Amino acid sequence: MKIPPVKGTRDFYPPDMARRNWIIDGWKKVSVRNGFEEYDGPIFEYLKMFQIKSGDEIVEQLFSFKDRGGRHLALRPEITPTLARMVNQQINSLPKPIKWFSVPRLFRAERPQKGRLREFFQWNIDIIGVDDVLADAEVIFTTVDYLRSVGLKQRDVRVKISSRKLLASSLKNVGIQETQLLSLYALLDKYSKMPGDTFKKMLSEQVMDESIAKKVINFMGSTALSEVSEIIGTNAEVEDAIQELARLKELLEQMGVWQYCEFCPGIVRGLAYYTGVVFEVHEFSQELRAICGGGRYDNLLHDFGGPRISATGMGMGDCVLGILLDERGLFKPESKELDYFVAFVDEVYRQNVIELTMKLRSAGFVTNFSYKAVKLSKQLKEASAQNAKRCIIIGEEFKSNQLVIKDMATGKQELVDYDKFLSELKS
RNA sequence: GUGAGAGUAGCUCAGUCGGUUAGAGCACUGGAUUGUGGAUCCAGGGGUCGCGGGUUCGAAUCCCGUCUUUCACCCCA
């Protein structure tokens with residue numbers, strides 16, 4: 001009976017695994033060089049933990065089950081709640097600031113489509129305990145640092161930055177009621193996805209007053225911070241949010257990555273827990289869904305039973321990124337490569353082939369030999385297929401203690417003394 | 001949950017109006033080559049034409065159902 005793979009999952013054959021590792025190794029390397037430390041948690045948690053942050057609707061969007069003790073558990077759809085739990089547990093003994101990263105395998109029971117699967121990997125970086133946009137700047141810098149390192153240019157990706165503080169204070173300043181904010185966010189989040197007229201129409205359903213609606217539209221369309229106070233007027237709260245974003249821009253300029261970024265009030269981001277700076281990275285033509293998203297979430301640790309400590313972070317999945325890297329031809333995974341392939345001319349030397357192979361392996365060289373007793377040309381073919389850098393050929397010369405070493409790239413070969421070769425291996 | 005498209009070899013696909021034993025390229029295995037790889041040539045293995053039913057003398061082909069998958073919507077932590 002043939003069993004198909006489960007919907008929304010991927011099989012990683014060796015070439016796929018090489019690509020996956022290439023992405024993840026890149027994430028880890030950039031995290032570490034930016035001063036983040038790696039952590040991880042269990043792949044399943046109490047279902048309740050995910051409900052705290054995201055509400056009850058989340059339950060049907062994740063894989064949950066009951067264990068034999070009747071506990072309601074779920075495969076993790078994100079790692080931030082685990083992070084909050086872990087940090088809260090040791091909050092008093094952890095040196096601040098906390099700069100942690102993780103590359104969890106996550107699960108979401110959604111219908112798969114382009115750039116979205118049911119099982120995927122997500123790079124997360126978080127800075128906890130720094131109530132300063134400098135931390136937001138560092139999160140954004142680290143994100144760009146990675147994108148840059150894989151060869152994505154300014155013309156490929158844009159970091160779109162906004163602020164929940166600015167959004168809330170601006171909307172209130174033009175006359176939107178506080179109670180209206182959340183439902184309005186959902187619409188504003190779609191601003192860039194729909195034609196202007198459609199947006200206008202849908203906005204008018206929520207905002208009856210035409211002059212207010214017009215201000216909201218102008219605000220959403222603004223691309224420079226300096227325009228904002230002209231459009232929506234100003235007050236202390238608005239001014240404060242603008243100052244914060246201006247400082248963020250200044251910091252990103254100092255860090256040398258502002259050219260990847262732009263101010264974009266349309267970035268709202270789904271859930272309600274963001275409290276400050278928010279950002280998303282999009283592919284330039286906007287044809288793909290967001291490559292990553294992040295922002296400040298100052299209440300989350302408290303929501304998980306901890307102290308009021310500020311936090312900011314970012315998450316980047318491997319699906320959309322993988323599509324983009326593919327489209328741009330930027331994947332450069334290392335293919336399988338052998339240092340040595342050991343071959344024989346006559347089967348009588350087979351034992352010597354095995355012995356030498358094991359010695360090479362013990363010395364740390366990636367080495368293979370043929371399992372089959374086939375002629376030399378076949379063995380060399382196998383070596384070639386396995387990307388061997390060098391072939392060692394054991395033949396007549398071995399009787400006088402000599403090996404033939406063939407360089408597979410140049411085709412040149414030389415005779416070397418066996419004992420000498422071995423002693424050089426050890427050094 | 002809603003809508004649209006697609007399912008033929010491991011992969012990408014062709015298959016005429018419904019007509020004999022379902023094909024190609026790539027990949028894989030072997031040979032051409034008994035001490036020299038990548039190229040080339042030759043050969044070979046590999047198929048429940050997604051599955052089930054129906055129409056028909058006859059179905060990969062037409063009809064119905066179903067499953068899977070892709071894409072979009074909802075949602076997106």
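Just so you know, all these numbers are worked out from the coordinates, no wet-lab data involved. Worth saying up front: this structure is predicted, and the values here are computed from it rather than measured. Here the Cβ is made from the backbone with ideal geometry for all residues, glycine too, and neighbour counts use every protein chain on show.
Structure note, pairs A:399/A:426; A:7/A:99; A:99/A:249: Cα-Cα distances above 32 angstrom occur for A:7/A:99. Put in order of Cβ neighbour count within 10 Å, fewest first, the listed residues A:72, A:282 become A:72, A:282. Between the listed residues A:218, A:142, A:130, the Cα displaced farthest toward the positive end of the dipole of segment A:112-221, a dipole computed from Cβ unit charges relative to the Cα centre, is found at A:218. Residue ranges A:118-130, A:151-163, A:403-415 sort as A:118-130, A:151-163, A:403-415 when ordered by packing (mean number of other C-beta atoms within 10 Å per residue, highest first).
Note on chain A: dipole from Cβ charges, positive end direction compared against A:236, A:163, A:191; the farthest Cα belongs to A:191.
For segment A:156-167, 3J(HN,Hα) computed residue by residue from phi via the Karplus equation (6.51, -1.76, 1.60; θ = phi - 60°) reads 9, 9, 10, 8, 9, 10, 8, 8, 5, 4, 5, 4 Hz, glycine and proline entered as x. Basic side chains Lys and Arg get +1 at the Cβ, acidic Asp and Glu get -1 at the Cβ, and with that the dipole of segment A:18-126 about its Cα centre reaches some 280 debye. Its relative contact order, with pairs defined as Cα atoms under 8 Å and 6+ residues apart, puts segment A:338-426 at 30 percent.
Shape of segment A:90-132 from its Cα gyration tensor (a ≥ b ≥ c, root eigenvalues): rounded if a/c is under 1.5, otherwise prolate when a/b > b/c, or oblate? Cα axes put segment A:90-132 in the prolate bin. Only Lys, Arg, Asp and Glu carry charge here, each on its Cβ (+1 for the first two, -1 for the last two); on that basis chain A has a dipole of about 1340 debye about its Cα centre. Quick check: from the Cα gyration tensor, does segment A:338-426 come out rounded (a/c under 1.5), prolate or oblate? Here segment A:338-426 falls in the rounded category. With unit charges on the beta carbons (Lys and Arg positive, Asp and Glu negative) and the dipole taken about the Cα centre of segment A:306-427, which residue among A:321, A:398, A:333 sits farthest to the positive side? Of A:321, A:398, A:333, it is A:321. Please work out whether chain A counts as rounded, prolate or oblate from its C-alpha gyration tensor, where a ≥ b ≥ c are the square roots of the eigenvalues and a/c under 1.5 means rounded, while otherwise a/b larger than b/c means prolate and anything else oblate? Taking the square roots of the gyration eigenvalues as a ≥ b ≥ c, chain A is prolate. Remark on residue A:311: its backbone amide H falls under 5 Å from those of A:129, A:297, A:298, a criterion applied only to residues 5 or more positions apart or on other chains, H modelled at 1.01 Å from N. Each peptide in A:296-302, A:385-391 gets a packing score, the mean of other Cβ atoms within 10 Å over its residues, and the list from highest to lowest is A:296-302, A:385-391. Placing +1 on each Lys and Arg Cβ and -1 on each Asp and Glu Cβ, with no other charges, gives segment A:338-426 a dipole about its Cα centre of roughly 300 debye.
Loop-located chymotrypsin sites (Phe, Trp or Tyr not before Pro) in segment A:344-399 (DSSP state other than H, G, I, E, B) with a sparse environment of at most 14 neighbouring Cβ atoms within 10 Å: A:371.
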